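Pasting a structure below so you can have a look.
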Amino acid sequence: MPAMIDAIPSPDETYAGRTLAFTIPARNARGRIVRLDAALDEILAAHDYPAPITHLLAEALVLATLMGSLLKNDGSQVTMQAQTEAGAVNLLVCDYKSGNLRGYVDFDEEKLAELGANPSLFALFGKGFLAITFDTAGGKGRYQGIVPLEGDCLSEACENYFYQSEQVPTLMRCAVRSGSEGCVAAGLLVQHLPDGEEGRERLHARLDHPEWEHVAVMAGSIRHDELLDPDLSQEALVWRLFHEEDEVRIEQREKVKRGCRCSVQHYEQVIARFPEADRADMRDEEGLIMVDCAFCSRQFAIAA
Ligand SMILES: [Zn+2]
């Protein structure tokens, strides 16, 4: 009987925007669950996005958090960037670094309006691509994989990233609900890491491995309303999915908050890299250069 039954806390202390990590040792599988509420509302409040863009960004933020929580909390970072040349969405960027989450979307309002209320991923991006970058702290390197933006949703594109770039069978699910009380988004990630070969190169991934098939079927049975249910703790969700396993280890919890790294100092450094002639063009009548942070919509007046 897994020890996690004792670990199920009351709902109000569980779902306040944090990640939960778990492993299923006998299946060589690991997982992450996250539910974003306050942090998500804060990020969205910096923008005034129409519903389809809010939904897209919420999904991307959940996925970035799930992937980011695979990294150690040591300054390592994951960046998700979805881009296209001809779609309604020009650019979507999210990053997650040690519990700090941020993201924004650059889109074409006219093109978006033509797409109706529930545009598909393809309608939003056209022929786009998704770049996922893992920057590991401590000089362990930077790894980027790029996959086409295919599938019904961003989760599927991320699954393709893990399969094609890392050869790690991965299942990702994401649920978003937005209404008058704000936006809530949640997600689940499970991966198969046979023989403890985490981080090692593989020649190919086996999607038909019996261990993985079992885990994928169990994890895939999760419903969107379960992911979003405020009365279900993350531990309870893991329990629902995997209570027949001999052992499920709950490993860590990381608080997720909105975190932007913009500052006057940051923009001074950026602007200092431009030639003086360009800086002269950028200055207003008072000699200041106004810069907007795309992530949090804060405006900075830089004297440079
Ligand atoms: Zn910012």
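Nothing in this text is a laboratory measurement; each read-out follows from the coordinates by a stated rule. Every value quoted in this text rests on a predicted model; they were computed, and no experiment measured them. Neighbour counts run over all protein chains shown; Cβ positions are idealised from the backbone, glycine included.
How much length, in nm to one decimal, is gained on full extension between R279 and E110, taken as 0.36 nm per residue of separation minus their Cα-Cα distance?
57.6 nm
Given the Cα-Cα distance of R223 and R298 and 0.36 nm per residue of separation, how much length would full extension add, in nm?
Extra length from R223 to R298 when fully extended: 23.3 nm.
According to a simple spin-label model (label point 7 Å from Cα along Cα-to-Cβ), what is the distance in nm between A86 and D208?
Those two pseudo-labels are separated by 3.8 nm.
Can you list, largest first and rounded to whole Å, the semi-axes you get for segment 14-258 by taking the square root of 5 times each eigenvalue of its Cα gyration tensor?
28, 21, 17
Semi-axes of segment 230-290's equivalent ellipsoid from the Cα gyration tensor, sqrt of 5 times each eigenvalue, largest first, rounded to whole Å?
Those come to 54, 13, 9 Å.
Moving to a separate point now. Do any GluC sites (Glu not before Pro) in segment 250-304 lie in a DSSP loop with no more than 10 other beta carbon atoms within 10 Å, and if so, which?
Passing sites in segment 250-304 are E285, E286.
I would also like to ask the following. With +1 on each Lys and Arg Cβ and -1 on each Asp and Glu Cβ, how big is the dipole of the chain about its Cα centre, in debye rounded to the nearest 20?
My answer is approximately 700 debye.
Which one of S263, S76, S233 has the biggest mean-square fluctuation once the chain is modelled by GNM with Cα springs under 10 Å?
S263
While we're on this one: Provide the convex hull volume over Cα atoms per residue for segment 55-136, in Å³.
Once divided by residue count, the hull of segment 55-136 is 76 Å³.
Which trypsin sites (Lys or Arg not before Pro) does segment 216-251 hold that lie in a coil by DSSP with at most 14 other beta carbons within 10 Å?
R223
Full extension from Q265 to N118: what is 0.36 nm times the residue separation minus their Cα-Cα distance, to one decimal in nm?
48.9 nm
How much of the pair distance distribution for segment 159-304 lies past 18 Å, counting alpha-carbon pairs only, in percent?
So the portion of pairs separated by more than 18 Å is 72 percent.
Further question on the same structure: Provide the net charge surrounding P148, with neighbours chosen by a C-beta distance below 15 Å and charges set as Lys +1, Arg +1, Asp -1, Glu -1.
Summing Lys and Arg as +1 and Asp and Glu as -1 gives -4.
Another question, if that's okay. Given a 10 angstrom Cα cut-off, can you work out which residue in T133, T170, T19 is the most mobile in a GNM of the chain?
In the Gaussian network model the winner is T133.
Enter the Cα centre distance for the pair segment 150-184 and segment 51-110, rounded to the nearest angstrom.
If you average the Cα positions of each part, the centres end up 11 Å apart.
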